[in-house]
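To keep things clear, I will list the structure first and then write my remarks on it.
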Amino acid sequence: MSSNANLFAHFKRHFPSDHETELLATADGRSVSYREADEASARIANCLVALGAKSGDRVTVQVEKSVENLFLYLACLRAGLVYHPLNTAYKASELEYFLGNAEPTIVVCDADSLATIELALSATEAGPGVNALLTLNADGNGTLTEKANTNSADFEAAEVLGSDMAALLYSSGTTGQPKGIMLSHDNLRKNAETLVSAWGFTATDRLLHMLPIYHVHGLFVGVSCVLMSGASMVWHSGYSDSAAVAALPGCTVMMGVPTYYTRLLSNPNFGSACCTNMRLFVSGSAPLLSETFEDFQTRCGHTILERYGMTETGMNTSNPLEGERRAGTVGPALPGVTARVVDDAGEVLPVGETGNLQVQGPNVFPGYWRMPEKTAEDFTEDGFFNTGDKATKDADGYVSIVGRSKDMIISGGLNVYPKEIELVIDDMAGVKESAVVGVSHADFGEVALAVIVPDSEAPSGDEVIAHCRALLANFKVPKRVETIDALPRNAMGKVQKNLLRERFG
Ligand code: MCA
């Protein structure tokens with residue numbers, strides 16, 4: 001039994017000896033014990049298995065953040081099923097791709113999106129493979145909960161190999177076609193163990209959890225650190241700076257994207273008085289401005305710990321818990337992770353030079369779902385993953401991310417791939433071509449700006465935005481649209497996006 005690599009079995013080993021200990025408290029006063037999480041996830045695991053889900057099958061989940069959604073994730077782990085979470089902002093056409101590609105056995109969605117999901121399923125070949133389409137609403141009710149409640153509260157964690165897939169998350173990629181990122185039980189466990197140790201998590205910690213749980217940050221960093229240390233959390237369904245100010249006095253750790261911290265700073269009630277029990281603020285998913293880092297120090301006396309990760313790799317580097325946290329850097333590689341900066345020929349560069357950042361370690365994913373060629377493209381012969389980020393490393397090993405070679409925008413901690421938006425805009429009547437670039441934004445750090453070249457009657461900026469809004473998740477919708485006679489191109493015909501950023505940024 002001890003050889004079982006099932007992540008849930010590892011979590012369970014770290015449960016407090018008294019299972020009545022609180023695992024989480026919600027914003028509306030509900031208290032959930034470790035015992036309840038154990039029993040509820042067992043009931044769901046039994047239910048999923050009874051519905052015919054077998055080890056390795058995907059369970060696609062597009063539901064709001066809730067306690068029951070967390071139980072569903074734990075249930076998938078224990079049953080050896082692959083948890084496939086989707087951002088609740090995704091629209092029908094985006095869903096169609098994910099469902100068609102992931103080919104789930106079970107789909108769980110909010111009752112309000114049932115018709116959309118049914119339609120998306122009927123449009124893909126994956127539809128007939130779905131054994132059950134269940135609902136789970138933001139309040140925790142729905143057919144999943146109803147069915148699960150009739151099941152036993154015992155479930156032995158399925159025996160899995162460390163290399164077996166625990167979760168499938170998608171990244172849109174530079175081509176506009178999303179790639180499924182397979183994350184194994186070992187990837188998630190080893191990264192979680194590293195973080196618990198690097199950030200000093202113990203059972204006395206209480207994490208302020210306001211991040212979504214359809215991404216690595218909220219699920220595999222936040223939840224994993226808590227469950228791997230027997231700690232507890234204050235669980236909010238979303239981010240609000242005023243709710244954070246109210247909750248912080250009862251917490252010891254907070255994790256967030258930089259927007260969470262800039263919004264905290266803009267709240268006049270935020271200051272050292274809220275932070276008397278706090279020991280750590282962690283920031284990631286997007287670059288933290290030095291200005292935010294410094295303002296935060298001045299305002300509450302805490303130095304934000306910035307770390308760096310990706311969906312493909314989990315966390316790679318982190319500023320230290322003890323020791324100097326340097327503004328503008330993401331810290332040295334975490335124990336067990338190797339981070340190197342190479343030139344375009346793959347030669348390791350001397351200290352201080354800018355190049356391509358590559359990483360290797362037990363946290364790095366084994367490859368893209370059913371895309372062996374793409375996997376081969378993104379890994380070097382000696383097994384390093386090309387992050388697509390440009391970086392430098394100083395003499396102490398501190399890494400600074402200085403740019404991205406993959407044409408990506410990070411908006412409010414969410415990755416936005418211009419190609420995906422350009423394809424949608426190029427389809428509009430009156431648009432000859434388009435280019436989407438990231439421009440600075442006070443709240444989201446960066447947002448998408450679309451530049452269109454009209455060919456006949458150009459659509460208005462509002463029409464372009466409305467078109468995007470109908471087809472794309474809201475965070476991808478350009479915040480602004482500009483028109484230009486021709487896109488600037490270099491001698492190779494490549495659009496010079498830097499010029500567009502300079503002109504319209
Ligand atoms: C919302 N909007 C956005 C974004 N979020 N626009 C651009 N970028 C965004 N991220 C827009 C909506 O479309 C809407 O526009 C308006 O803002 C208000 O929407 P609302 O949902 O009310 O916004 P919010 O609740 O204030 O959300 C902003 C947020 C949220 C709290 C910053 O986006 C968030 O929680 N982001 C964190 C995402 C995350 O977990 N990232 C980690 C990925 P309109 O009104 O026009 O419709 S994991 C990762 O990156 C790696 C692995 C790592 O290292 O962590």
query: Looking at region 445-505, which trypsin sites (Lys or Arg not before Pro) are DSSP coil and have at most 12 other C-beta atoms within 10 Å of their C-beta?
result: LYS494
Zone of ARG299's modelled label, taken as backbone nitrogen in region 250-271 under 16 Å from a point 7 Å along Cα→Cβ: 254-271
- prompt: SER122 versus SER3, label points 7 Å from Cα toward the beta carbon: distance in nm?
  reply: 4.9
message: Please report the spacing between the Cα centers of region 45-79 and region 382-419 in Å, no decimals.
response: 32
query: Most exposed first by the Cβ proxy, i.e. fewest other Cβ within 10 Å, how do PHE385, PHE11 rank?
result: PHE385, PHE11
task: Work out how much length LEU499 to ALA470 would gain on full extension: take 0.36 nm times their residue separation and subtract the Cα-Cα distance, in nm to one decimal.
output: 7.5 nm
message: Step by step: find N for region 336-385, compute 2.2 N^0.38 Å, then divide the Cα radius of gyration by it. What's the final number?
response: 1.22
statement: Total charge of the residues flanking GLY438 in space, meaning their Cβ is under 10 Å from its Cβ, with Lys and Arg +1 and Asp and Glu -1, is +1
- line: the chain -> Rg/Rh from Cα coords, Kirkwood Rh, value 0.96
- line: Rounded to the nearest 500, the 222 nm mean residue ellipticity computed for the chain from DSSP H runs (n ≥ 4, each -39500 (n - 2.57)) alone is -8000 deg cm²/dmol
query: Dividing the alpha-carbon radius of gyration of region 399-505 by 2.2 N^0.38 Å (N being the number of residues), what value is obtained?
result: 1.04
message: Please list, by residue number, every one of the GluC sites (Glu not before Pro) in region 1-105 that is coil in DSSP and has at most 13 other beta-carbon atoms within 10 Å.
response: GLU20
field: Ellipsoid semi-axes in whole angstrom, largest first, where each is sqrt(5λ) of the Cα gyration tensor of region 249-401
entry: 32, 17, 13
statement: Once the mean of 1/r over all distinct C-alpha pairs in region 271-358 is inverted, the Kirkwood radius in Å reads 14.5
message: Just to compare against my own numbers: the Cα pair-distance distribution for region 189-229, 10 Å bins, whole % per bin, please.
response: 32, 58, 10
task: Multiply the residue separation of SER272 and ALA442 by 0.36 nm, subtract the distance between their alpha-carbon atoms, and state the gained length in nm to one decimal.
output: 58.8 nm
task: Please give, to one decimal in nm, the separation of the simple spin-label points placed at ALA203 and ALA92, each 7 Å out from Cα toward the Cβ.
output: 5.2
statement: Put in order of increasing Cβ neighbours within 10 Å, starting from the fewest, MET278, MET315 give MET278, MET315
Neighbourhood charge, 12 Å Cβ-Cβ cut-off, centred on ASN46 and excluding it, Lys, Arg +1 and Asp, Glu -1: 0
field: Stokes-Einstein D in µm²/s, Kirkwood radius over Cα pairs - region 117-197 at 10 °C with 1.306 mPa s viscosity
entry: 96
- prompt: What is the order of SER3, SER460, SER232, fewest Cβ neighbours within 10 Å to most?
  reply: SER3, SER460, SER232
field: Theoretical FRET efficiency, 1/(1+(r/R0)^6), r = Cβ-Cβ of ARG480 and SER31, R0 56 Å, to 0.05
entry: 0.80
- request: Could you please tell me the mean projected area of the C-alpha convex hull for region 461-500, averaged over all directions and given in square nanometres to one decimal?
  value: 3.7
task: Compute the separation of the alpha-carbon centres of region 139-206 and region 1-40 and state it in Å as a whole number.
output: 14
query: Beyond 14 Å, what share of the Cα-Cα pairs of region 353-412 remains, rounded to the nearest whole percent?
result: 63
task: Could you pull the Cα extents of region 47-156 along its three principal axes, largest to smallest, in whole Å?
output: 38, 28, 18
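Just so you know, all these numbers are worked out from the coordinates, no wet-lab data involved. Since we're looking at a predicted model, the values are computed, not measured. Here Cβ is always computed from backbone atoms with ideal geometry, including for glycine, and neighbour counts include all displayed protein chains.
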